[in-house]
Structure formats: structure tokens, C-alpha cells
1. What's the ranking of 296-302, 123-129, 423-429, 212-218 by average number of surrounding C-beta atoms within 10 Å, highest first?
2. By per-residue mean of other Cβ atoms within 10 Å, what is the highest-first order of 305-315, 509-519, 144-154?
3. Taking 8 Å as the Cα distance limit and 6 or more residues as the minimum spacing, I'd like the relative contact order of the chain as a percentage.
4. log10 I(q)/I(0), Debye, Cα-only the chain, no solvent, q = 0.06, 0.09, 0.10 Å⁻¹?
5. Which lysines, on any chain, are close to Lys80 with Cα under 22 Å apart, when same-chain ones fewer than 8 places away are left out?
6. Which semi-axis lengths, in whole Å and largest first, follow from the square roots of five times the eigenvalues of the Cα gyration tensor of region 66-111?
7. State the antiparallel share, in %, of DSSP beta bridges confined to the chain, rounding to the nearest 5.
8. At 10 °C and 1.306 mPa s, what whole-number value in µm²/s does Stokes-Einstein give for the translational diffusion of region 182-328, with Rh from the Kirkwood sum over Cα pairs?
Amino acid sequence: MCGIVGYVGSSEAAPILLDGLSKLEYRGYDSAGIAVFDGENIKIEKTPGRLNALVEMTHDGKLLPGHMGIGHTRWATHGKATVENAHPHYNPSMTIAVVHNGIIENYMELRAKMERKGFAFRSETDTEVVAMMLDYYNTGDPVETIIKVMHRVEGSYALGIMFKELPGKMFAARKNSPLIVGKGTDGNYIASDVPAILKYTRDVYYIKDEEIAEITEDGISFFNIDAEEIEEELHTIEWDTNSADKGGYEFYMMKEMMEQPEVIRNTLNPHIVKGDIVFDELKISDEDLRGISRIHIAACGSAYHAGITGKYVIEGMARIPVEVDLASEFRYRNPILDKNAVLICVSQSGETADTLEAMRVASRAGVPTWSIVNAQGSTMTRESDVTIYTNAGPEISVATTKAYSAQIAVFYLLAMKFADAKGLLSAEDKKSYIDDLKRLPEQVEMLLNNKERIQKFANRYVSARDVFFIGRGLDYAIALEASLKLKEISYLHAEAYAAGELKHGTISLIENNTLVTALVTQDELYDKMISNVVEVKSRGAFVMAVTSVGHTDIEEHADYVLYVPETNKYFTNSLAIIPLQLFAYYVSAGKGYDVDHPRNLAKSVTVE
Ligand code: AGP
């Protein structure tokens, strides 16, 4: 997903742009560029490859003097990573420069129209069309000009724009793609995400869809699609700057894994008040909770796996039917939505296109939408009826760990809230569950402190070909997440399977020394899982088992056992995932990969 940074103020713009783009590298990209207005002309430098190449070719930005500029890291969607396709894009006379995040869905039609008007294109991108249209429709009034283009463009866009004739004025506009405006002391900023400008300001505005911002050194104005000036609310970001840096770790992923005890604590504590589970943000009575007949959950990737955990714990505790869908499926399958249902969308970024569209499907059907989101002020938080924040702080590594752990913690609390409202949670159980929840952070910490043992084991698997993760019930949810973690950062083929399904086909793939990780934390399924372990062992598999302390008899069957502390059967996912996150991390690091920036992946997929 692309990254945008812009600045106008009393300082040199280029170094600020380059620094801001470096904080957005986590979003995934394959080219970078900046445009700076030097008081007379717009100068542009851009290059395929890593941001360092741009830093070097611009001598840390010194070759582009000027106090206003826009910068971009591009994750290729239309056209390869080349100089021509890199942003910023510009009109033929270089009087207009544009950076863009999103997809212009009707760009071919618009490009043909601009070509008929005599515009010659240099790139294969959709974005270049915007630069040409701003030129063609330029009325001299920048807001009016931008609105003319917005009316003709279909799809998603976050835009940063400069006009040569308007020195000291930068513009931004957005639709279905994140963009914030930062209010600074020596100038003002635009950015795709908070980390890019957190070093300079904590005071930000969230531009809403189909709004335009006009930004100068001393002021920020907002306009709606009818060119009417509007007010926007200023927000203060609470994150500490340190949270957005590596904190001494080699990769953000390790830092973020190590933050999980605190993140789980910070996510749980606001909802446990005087021995009760509290969700003020739901703005719903217990009676209304009891009236919810069905819960739909829609999400992507790891957030989807958190939803699977949510299904098992909510159905287990509260006996409410829960349907979990991949958001990209939910949005197109014409789901049957009861009027008494609720849709819960789960998303770290709050900007995932498929999950946003799934939410809109429910909204259009009149179904209440709740979101479980980490990124403050993200689109999902503004469009859902209710937002429950995970308090994980900025998550930079593409592979989610702490945000995922926070998401499943929220589902434990929601399950307890629903069960309590339905009178299915005795006072005794409520107290013991809360005690177990409060113990989770220290138990996670203990598992993290055991990471060297995992590292030794992982080193044996850097050249593995196939890895299987099997489990039943809640353990199946963890198998799914552990498998994705390994695949996405180590590029090993891994597959998660419901253990009971093995004999229906997949077991034919088990050969000598195939690594099978068996999740065995659910006591009532323990014997079943042991028989699955025996099944794969008899076909030559090497079995790593993850089970709760005390089940030492498993050592008669498994080749390698990872023990996790005892906890409530509903909460074991928070513990079992820890050694498997570490396993994926060490396999990837052992292969010499950039753990935080896996190939082909972006931190948030804001396009379909
Ligand atoms: C998880 O490690 C991946 N980065 C990916 O599957 C991610 O969970 C998915 O893209 C959903 O992102 P979101 O939580 O920001 O919506």
C-alpha cells in the first residue's frame, strides 16, 4: 500500500519528506519520490527500489531546496516499479505535482479522454491521469479544480497536490483511502498514517471522504465536495514516539511480540471494572444484547483468524450463533442478515478495503456494525456504528502479532459480556474468568522469555518444504494463524488443517520428516488429538506439539513439545500463539529475510 507525506512551513521540506517516508516503509513499496517547490519551480526526483536510493540521489534532500513538498512510496498496482511509474506525477508543463494512494477504477477511460485532448502520458499508472485532469480542468481556483476532478474519478484516492502558481499552498483530498493532516509548530503536514509525522506533531485532523484540505504554513482549511468551507475536529495522538521506533530490536516484529503482555493488559483493563465486564462504547443495554439473535464476523487474514477464535468463545460462553466470513467473500455472497443480527468487523488498520465493503453491505441492510480496530481515527472507526479499540499502539511489522493478540482478548470480553447479559455466566465463573484474564499478560511474558529455545528449534526448519498445523476447536483457530505467520514471513509452504479432516485427504501429503505442529490445549479434545498425532507419526511426520503444562504423557507420541501455562480453556489461544509467532520469526530471520517487509505484502490492503 502506498505512503504519502507532505509538508509546508518554515523548514526545508525535503528532509522532512524523506524522514516521513521512512516511517511508512512498513506499508510495503517498490519505488519512491519527492516533489519540492523551490519558490519558482517544482523539482521532482524519483526512483524504483528502496527509499535509501532516493536519499542518496538527493543528497538527503539537499539537492531539492524549498519549504513545500510532497513525497510518496509506491506499492505497484498499475505498471511495474520504474522511474516513469514512480510518484509524484505531473502535467506536461510541470506546474502541477500529485501523489496518490488508492486506485482510479475508470482511469483508462479518463486517460483516453485526456489523450484526445492532446495530453501525452509517460507512465502506465492511473495516478498520472489525475495530474493531467488537474491541468485540463484548472479554473484558477484550486479547490474548484480539484472538485471537478473528484466528480469524474471513480475508485479510491488519497491525494497530495501542489500547483506552481500557488506557492505556499498544498492541497489534499480523499475518498476511501486514509489521509491525515498534521498541525505543527513550524508548518503543517499531510500523511497516510500517523507514524510519518509523529516526530513533528501529535495534533492531527482526519480528512473525511470527499473532503479537500488547503494547507499553508500558518493555516489549514477544509472544504466539502460542494466547495463549502467546513470545520474539522482536531485530535491529539496519544502514542509515544518510542512506540513508532524499533526500540533496539532488529525487527519491529520482535519488538511488537515483546509488547504483547502490556498490550493485552491495556486492552483488557478498561473493560474490567470492579469485577464486571464493561463496554460503554457499545451504548447498548443488557436487554438489547439479549435481543441479538446472530453475530456475523467479517475480516481478512489474521483478523479473520481472530474472528474464528471469537466464534468459538462467544458460542461456547453465550450460546449465540456466530458466522465468520472472509470479508472478501461476505461482501459478494449476498449474505442473509437477520434484522436482529450484528456485524463485527475486525481490522488492525481500519482501512482494509474488503472489510470496509463488508461493513457497508451490512449497513445498507440496516444491520448494526461494530468494529474492533487498532488504528485511531481510521475509516472503519468512523463508518461503524460502534468502535471497540484494541490498545496495541502503532503496529509497523507487516505480520501482525500484538494487534492480533489484542483482538482475541476483546473477543473473550465480548463473549463474557454476552453470556453475563444472558445470565449464563455465574458470579463464580465470572470471577475465575477475570482472574484468568488478568494472569494472561504475565503468562505471555513467560513464554516470550523462552524465545531462545524456540530459536534453536526453528533453525532446524529454515530449509523445510512443507509444514502442517493441526488442531480442533479453538486449537484450529490457532493453527490457522500460526500457518499464516510462517507463510507470510518465511515463504515456506504451510497449511492449517482441522485435525479431524486429515484422514479425508491431506494425510496423503505427510512424508518422512514432514513437520506437523499439533495444537493440543483443549482438554476435552486431548485424546482425539493424540490419535491424530499417532496418525501422522505413523506416516513419518516429525511432530511438534503445543500443549498445556501437565500433559507430559504427550512426550510418548510427539517428538518436540512446547508447554504453555494452564488457563481457562477459552483463553488458550493467547498463549499457544506465542511460541508459534516466535517460530515463524526465527525461521524467517534464519533465512536472512527482511522479517518486517515480506515480499509482495503490504501492512494494510486498501485496494481490492
Ligand atoms: C497478518 O499478519 C497479515 N498482515 C494480514 O493477513 C492482515 O491480517 C490482513 O491484511 C488484515 O489487515 P487488517 O487487520 O489491517 O484489516
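Readers should treat all values here as calculations from the given coordinates under stated rules, not as data from a laboratory. Since the structure is predicted, the reported quantities are computational estimates derived from the model, not experimental observations. Cβ placement follows ideal geometry from the backbone for every residue including glycine, while neighbour counts extend to all protein chains displayed.
1. With the highest mean Cβ count within 10 Å placed first, the list reads 296-302, 123-129, 212-218, 423-429.
2. Per-residue Cβ counts within 10 Å, averaged per peptide and sorted highest first, yield 305-315, 509-519, 144-154.
3. Rounded, it is 12 percent for the chain.
4. Reported log10 I(q)/I(0), two decimals: -0.34, -0.74, -0.89.
5. Partners found: Lys46, Lys603.
6. Square roots of five times the eigenvalues give 20, 14, 10 Å.
7. The antiparallel fraction comes to roughly 60 percent.
8. 81 µm²/s
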